[in-house]
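Right, one structure below, let's go through it.
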Amino acid sequence: MILTDREIQVALATGQIKINPTPTEDAYSSSSLDLSLGSKLRIWKTTPGGVDSVVSPADPNFRVLAAVEEMAEARNIGPNGYILEPGSFLLAWTAESVELPIRSRLAARVEGKSSLARLGIGVHVTAPTIHAGFRGLIQLEVCNHGPLRVKLAHRMPVCQLIFEQTLGTPEKGYAGQFLGQSGEGAAQRSSGSSRSRRSRPSSRRPK
Amino acid sequence: MTRVRCLVQEGLVSSERIVRIKTSEGRQEEVAVSASQIRGSALEAPVIGREGGKILIELPRESSSGRWRLWVNKDQLIESA
């Protein structure tokens, strides 16, 4: 079930969703909330002609973040903005920090905005899920699929969050619940295999 | 909240850190997390399951290798009430 603007505001007021800085009134639509573009960018360096470079994500020694450090230039969006050339791709982050507390029974999807989409700008590459329990800035994978040069500006509305109710609380929402307890429940937690957690009675579930 | 011992490095943005966690198979798993999820040299990581001396934890975000859950040795864990 998707939250409407009213439900998002209630969730913010009750701490079920935490966003910093707090969104302004004009950031809402009927069923989503806009987030804005932070100032930090990471721009993948182009490979010089004649150089054949291959990335192997399946290699156990592959470190994608180290690769970003080494192969993606860190830039700040200045007062004149940053021009995203046709066909170019970069990493960016939202200006707002988002938290979906694990017991709020909420997850979200980050999606693009039609105003940018019609220019060819995508803000994620098939990874839109903001999982229950998430905390931090949302990383965006920004690509210019269109033919135009597009100027990105710090604090421009760049993406929208669609909040959805989860059915139940995820497993990690129960972690630590039985610490310090004795009895059957605690014994199950401490000596049972990972499979045994599936048999936990639903009556133990918190709201 | 339980925490897992990790190596902590600066992240790609100031509010993030990159951490490395040793799995029970001896692999180093890398994940970018919010700095607020780290205390000292340990990352918040709820326990999902236990098997012998191994603990199944869930990471706050997907690791570089695409994993959310890791088996770690019990001595990697810091449990607090």
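Before moving on, here are some points about what is shown:
- Candidates are the residues of region A:110-125 that are without any contact (Cβ under 8 Å) to a residue 24 or more places away in the chain and either within 13 Å of another protein chain (Cβ to nearest Cβ) or among the hydrophobic types (A, V, I, L, M, F, W, C) (or both); the one that is surrounded by the most Cβ atoms within 10 Å (Cβ to Cβ) is A:Ala117.
- Residue match in region A:173-181 (condition: buried (at least 17 other Cβ atoms within 10 Å of the Cβ) and at pLDDT below 50): yes
- Looking only at region A:1-60, residues that are closer than 22 Å to A:Thr94 by Cα, open to solvent by 60 Å² or more (accessible area, probe 1.4 Å) and at pLDDT below 95 come to 6 in all.
Residue-wise test of (1) more than 17 Å from A:Leu35 (Cα to Cα); (2) in a strand (DSSP E or B); (3) modelled with pLDDT of 95 or more; (4) within 12 Å of another protein chain (Cβ to nearest Cβ).
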position: A:Ala66; (1), (2), (3), (4): yes, no, no, yes
position: A:Glu69; (1), (2), (3), (4): yes, no, no, yes
position: A:Pro79; (1), (2), (3), (4): yes, no, yes, no
position: A:Ile83; (1), (2), (3), (4): yes, yes, yes, no
position: A:Pro86; (1), (2), (3), (4): yes, no, yes, no
position: A:Trp93; (1), (2), (3), (4): no, yes, yes, yes
position: A:Ser97; (1), (2), (3), (4): no, yes, yes, yes
position: A:Arg103; (1), (2), (3), (4): yes, no, no, yes
position: A:Ala108; (1), (2), (3), (4): no, yes, yes, no
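- Selection status of B:Gln28, touching an Asp or Glu at 6+ places or on another chain (Cβ under 6 Å) and free of Cβ contacts under 8 Å to residues at least 60 places away in the same chain: no
- Residue tally, condition more than 14 Å from chain B (Cβ to nearest Cβ), over 21 Å from A:His154 (Cβ atoms) and outside any strand (DSSP E or B), over region A:21-60: 12
- Within region A:70-83, not a single residue is within 25 Å of A:Pro170 (Cβ to Cβ) and either out of contact with any Gly (no Cβ under 9 Å at 6 or more places or on another chain) or open to solvent by 40 Å² or more (accessible area, probe 1.4 Å) (or both).
- In region B:24-43, the qualifying residues are those that are more than 9 Å from chain A (Cβ to nearest Cβ) and among the charged types (D, E, K, R), and the one that is least open to solvent (accessible area, probe 1.4 Å) is B:Glu29.
- Any hit, region B:64-74, residues being within 11 Å of chain A (Cβ to nearest Cβ), open to solvent by less than 60 Å² (accessible area, probe 1.4 Å) and modelled with pLDDT of 95 or more: yes
- Residues within region A:140-159 that are open to solvent by less than 40 Å² (accessible area, probe 1.4 Å) and assigned to a strand (DSSP E or B), tallied: 9
The values are calculated or read from the model by the stated rules, or taken from the named source; none is laboratory data. Computed from a prediction, not measured in an experiment: that's the story for all the values here. Because the Cβ atoms are built from the backbone with ideal geometry, glycine has one as well, and the counts that use them run over all protein chains shown. Please note that ligands, DNA and RNA were not included when accessible areas were found on the heavy atoms of the full protein model with its side chains. Shrake-Rupley method; radii C 1.70, N 1.55, O 1.52, S 1.80 Å.
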